[in-house]
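See structure below.
The values are calculated or read from the model by the stated rules, or taken from the named source; none is laboratory data. All values reported here derive from a predicted model rather than from experimental measurement. Here Cβ is always computed from backbone atoms with ideal geometry, including for glycine, and neighbour counts include all displayed protein chains. The area values use the complete protein model at the heavy-atom level, side chains included, leaving out ligands, DNA and RNA. Shrake-Rupley method; radii C 1.70, N 1.55, O 1.52, S 1.80 Å.
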Amino acid sequence: MKRLLILATVSAALMTSGCITLIDADGDDSWHGNNAQPFDAAREECDDRTESRDAFIVCMAEKGWTRS
């Protein structure tokens, strides 16, 4: 029974690991990430490193996040 529980947990983790994440960052625009770095950490780092919106978007893309 313990093996079945472990197998189910691992299977669920693997099945959801490839899912696309959608986060509404500022109301109008949405960010999409596929196998991306955690959103909050990526946003904070890019916010610290960049000064323009275009540079911020490029930085986020480098971390696996794109805007739609």
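Key figures for this structure:
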| item | result |
| --- | --- |
| Filtered residues of region 44-68 (kept if open to solvent by 80 Å² or more (accessible area, probe 1.4 Å) and touching a strand residue (DSSP E or B) at 6+ places or on another chain (Cβ under 8 Å)) | SER68 |
| Test: residue in region 9-30 that is within 22 Å of ALA55 (Cβ to Cβ) and at pLDDT 65 or above | yes |
